[in-house]
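What follows is calculated from the coordinates using simple rules that are stated; it is not laboratory data. This is a predicted model, so every value here is computed, not measured. Cβ sites come from the backbone with ideal geometry, for glycine too, and all protein chains shown count toward neighbours.
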Amino acid sequence: MPPVFRFAPSPNGFLHLGHAYSALLNFDRAREIGGRLLLRIEDIDATRCRPEYETAIYEDLAWLGISWQTPVRRQSEHLADYRAALEKLSALGLVYPAFESRAEIAKLVAAREADGPWPRDPDGAPLYPGDAKSLSADERSQLIASGAPYALRLDMGAACRRTADLTWNEHGEGPDGERGIVPARPEAWGDVVLARKETPTSYHLSVVVDDALQDVSEIVRGQDLFYATSVHRLLQVLLGLPEPAYRHHRLIRDEAGRKLSKSSRSTGLRELRAAGITAARIRRLVGLG
């Protein structure tokens with residue numbers, strides 16, 4: 001089977017130079033080694049994703065000269081796949097509902113930090129500080145029946161105890177120059193959210209399920225997702241999914257050295273195209289020649 005690559009943007013804004021760089025790397029690499037490139041639309045966030053942004057993704061990629069295999073997988077059309085994976089993890093006793101709101105979690109973190117720094121995940125967000133795991137089954141059932149909002153979290157300690165030491169093979173480079181066999185440290189993320197009451201999946205869960213179902217064998221993505229690979233490797237092992245090869249690439253940054261965002265109009269592909277910039281010039285701007 002030829003290697004399979006994927007580019008998987010979220011339609012919650014217009015693409016920028018950073019997206020162009022990642023999409024072009026995937027496209028070029030697939031073409032060089034006779035692989036296939038898939039396009040996946042990660043649209044599980046119904047509050048932010050919009051049809052006009054999805055249409056713009058197709059237009060911008062085509063303008064760059066990128067082609068992909070069809071049909072395009074849209075995550076919102078495959079929620080049953082993620083629900084099945086979540087049920088498998090639940091059957092292993094690794095998922096529990098937590099009922100604190102984001103504001104309540106912030107208050108808990110502030111209270112704990114009165115005694116010293118509270119641990120943060122690799123992205124800088126505080127680890128879950130609540131005690132929802134101590135609720136009884138009856139208490140959980142009553143809260144759910146009452147209509148209370150909740151997040152379904154992975155019991156990270158129990159999950160790590162079910163797996164041996166995890167690694168992945170890094171063919172690119174991590175933020176600190178990591179290459180080769182990299183040890184995975186999913187415990188650094190704490191009890192990550194796998195789904196919410198209103199959304200039956202999360203980025204971590206859906207990305208590993210999608211990659212497996214689509215036979216993705218080569219994952220080329222930005223260094224901002226390097227540390228999240230630890231969580232993905234853990235979920236792959238727990239769910240019995242294959243391990244792809246990973247190649248994390250440098251990020252395209254603005255003049256102040258910040259990671260580009262979809263609100264940065266100066267680097268938006270639509271704005272650059274409207275200004276007369278050519279697709280060939282885009283390649284040069286991102287360092288691809």
*Do you know the relative contact order of segment 66-152, to the nearest whole percent, from alpha carbon pairs under 8 angstrom that are 6+ apart?*
36
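Test of the criteria: in segment 218-289, which GluC sites (Glu not before Pro) are in a DSSP loop and have at most 14 other Cβ atoms within 10 angstrom of their Cβ?
On the way: sites: Glu218, Glu255, Glu271; in loops: Glu255.
Filter output for segment 218-289: Glu255.
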_Using alpha carbons only: equivalent-ellipsoid semi-axes of segment 220-262, gyration tensor based, whole Å_ = 28, 10, 7
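Assuming a viscosity of 0.692 mPa s and a temperature of 37 °C, what translational diffusion coefficient in µm² per second does Stokes-Einstein assign to segment 31-94, Rh being the Kirkwood radius over Cα pairs? Walk me through the numbers on the way to the answer.
Details: Rh = 14.2 Å.
Calculated translational D: 231 µm²/s.
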*May I ask you to derive the relative contact order of segment 125-195, considering only C-alpha pairs under 8 Å and at least 6 residues apart, and to give it as an integer percent?*
40
*Using +1 at the Cβ of each Lys and Arg and -1 at the Cβ of each Asp and Glu in the chain, identify which of Ala212, Gly13, Leu241 lies farthest towards the dipole's positive end.*
Gly13
*If one computes P(r) from the Cα atoms of segment 117-259, what percent of pairs lie at distances over 28 Å?*
26
*Angle in degrees between helix 203-213 and the longest Cα principal axis of the chain, rounded to the nearest 10*: 60
*Please name which of Val231, Pro97, Trp63 has its Cα lying farthest along the dipole of the chain towards the positive end, using unit charges on Cβ (Lys, Arg +1; Asp, Glu -1) and the Cα centre as origin.*
Trp63
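Rg over Rh of segment 1-160, using C-alpha atoms and the Kirkwood radius, what does it come to?
Working: Rg = 20.6 Å, Rh = 19.3 Å.
We get a ratio of 1.07 for segment 1-160.
When DSSP beta bridges are limited to those with both residues in segment 13-168, what percentage is antiparallel, rounded to the nearest 5?
Details: 5 of 8 bridges.
So the antiparallel bridges in segment 13-168 amount to around 60 percent.
Can you give the charge dipole size of segment 71-188 about its Cα centre, rounded to the nearest 20 debye, using +1 on the beta carbon of Lys and Arg and -1 on the beta carbon of Asp and Glu? Show your work: numbers first, answer last.
On the way: 15 positive and 19 negative charges, 67 e Å.
Its charge dipole is roughly 320 debye.
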*How big is the charge dipole of the chain about its Cα centre, in debye rounded to the nearest 20, if each Lys and Arg gets +1 on its Cβ and each Asp and Glu gets -1 on its Cβ?*
700
*Quotient of Cα Rg and 2.2 N^0.38 Å for segment 207-289, N being how many residues it contains*: 1.41
*Return one number: the angle in degrees, 0 to 90 and rounded to the nearest 10, between the long axis of the Cα atoms of helix 51-63 and the longest principal axis of the Cα atoms of the chain.*
40
*Around Phe7, what is the net charge, scoring Lys/Arg as +1 and Asp/Glu as -1 over all other residues with Cβ under 10 Å from its Cβ?*
+3
_Net charge around Glu173, counting only other residues with Cβ within less than 11 Å of its Cβ (Lys, Arg = +1; Asp, Glu = -1)?_
0
*Which of the trypsin sites (Lys or Arg not before Pro) found in segment 173-202 are loop residues per DSSP with 13 or fewer other Cβ atoms within 10 Å of their Cβ?*
Arg179
*Kirkwood Rh over Cα pairs of segment 85-136 into Stokes-Einstein at 20 °C, 1.002 mPa s: D in µm²/s?*
169
